[in-house]
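Have a look at the structure below before the remarks.
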Amino acid sequence: MTVRILRGDCREVLKTLADESVHCVVTSPPYWGLRDYGHEGQLGLERTPYEYVENLVAVFEDVRRVLRADGTLWLNLGDCYATGAGKVGAHPGGGEQGSKWAGRPARGSTGPMTQPNRLPIEGLKPKDLVMIPARVALALQAAGWWVRQDLIWAKPNPMPESVRDRCTKAHEYLFLLSKSERYYFDAEAIAEPVTEATLKDRVDTGKVRPDRGFPGAPSAGNGRLGDKETRNKRSVWTVTTQPFKEAHFATFPPALIEPCILAGCPAGGVVLDPFGGAGTTGLVADRLGRHAILIELNPSYADMAQRRISGDSPLFAEVAA
């Protein structure tokens, strides 16, 4: 399959793609305030979460034009706390570590947080969860997207946190959105095996016969239900995070992307990731028999993705924007 890497700001590069030219979008935008990619005006370093949400809605308006009428968008987003400096300067987003914000309200105050040389962030108090994923999903819904499901990415190996007044965070959100009420979704491609306990319960209650299975179900060929019976995939996906040795930032685990592509893109179709990063979406799409288009702002990350994917696929092709 062909994987194309288009270098540049996705807000500009998306304009070069044809209307309704991709079947599925799988992406994880830069989290708010987490990292500086070295480009003026980059997404993720907005002064407030409201500006961040507004910018993402604008990006996904262009994504909606490029996406087919029956296409889906799978959007992964992480959250942050309105306490302390984040990973980048005075921006929040790095959790609860780091130096304190200048101008923070006195202990017990519910006034707005302030940042050095920045306006107060209306509505946020010290230690508030900013609720970035929910804000983005609601804004996209208001902009016309169908928010079909909020999926939970459960992490068995979360980053440790030295906090004593809340639980360690071990999940992120993955939203399934669509352009229309009806859309392509291959539920069978990501169906899960039915557990032995469930099979036994269904046999005991008469909902299934051990010699024939469900009404209309294919025979297991061995006189029993066997391992051909499946159930609809659940909304909590337990996926271990997997670092990529060349990347000094978090990357998509391939196991998180696989069901998105299998369910959202037909074989031979085109998957788009407007925030390509280390190229995991392209890598997985290629392995699953789909074409891919990746857009990446940072040249070093684009080079990294090219090396990674070209080593896995002889049909890799790069197109510079």
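Data overview
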read-out: Extension reserve of the F185-Q149 stretch, reckoned as 0.36 nm per residue once the Cα distance is removed; value: 11.7 nm
read-out: Neighbourhood net charge (10 Å Cβ-Cβ; Lys/Arg +1, Asp/Glu -1) for P158; value: 0
read-out: Percent breakdown of C-alpha pair distances by 10 Å bin, ordered from the shortest bin, for the range 1-79; value: 16, 48, 30, 5, 0
read-out: Ascending count of other beta-carbon atoms within 10 Å, so fewest first, for M159, M1; value: M159, M1
read-out: Exposure proxy order (Cβ contacts within 10 Å, fewest to most) of Y50, Y81, Y173; value: Y50, Y173, Y81
read-out: Residue exposure sequence - T230, T241 - by fewest surrounding Cβ within 10 Å; value: T230, T241
read-out: Interchain or long-range residues, amide H under 5 Å from F175's placed H; value: L75, N76, L77, L151
read-out: Distance in nm between pseudo-label sites at A197 and E12 (7 Å out along the Cβ direction from Cα); value: 5.5
read-out: Integer Hz, Karplus 6.51/-1.76/1.60 couplings in order for the range 149-158, x for Gly and Pro; value: 6, 9, 9, 9, 8, 8, 9, x, 10, x
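Laboratory data are not the source of any read-out in this text; all were calculated from the coordinates shown. What you see is a predicted model; the values in this text were computed from it and never measured. Heads up, the Cβs are rebuilt from the backbone with ideal geometry, glycines too, and the neighbour counts pull from every protein chain shown.
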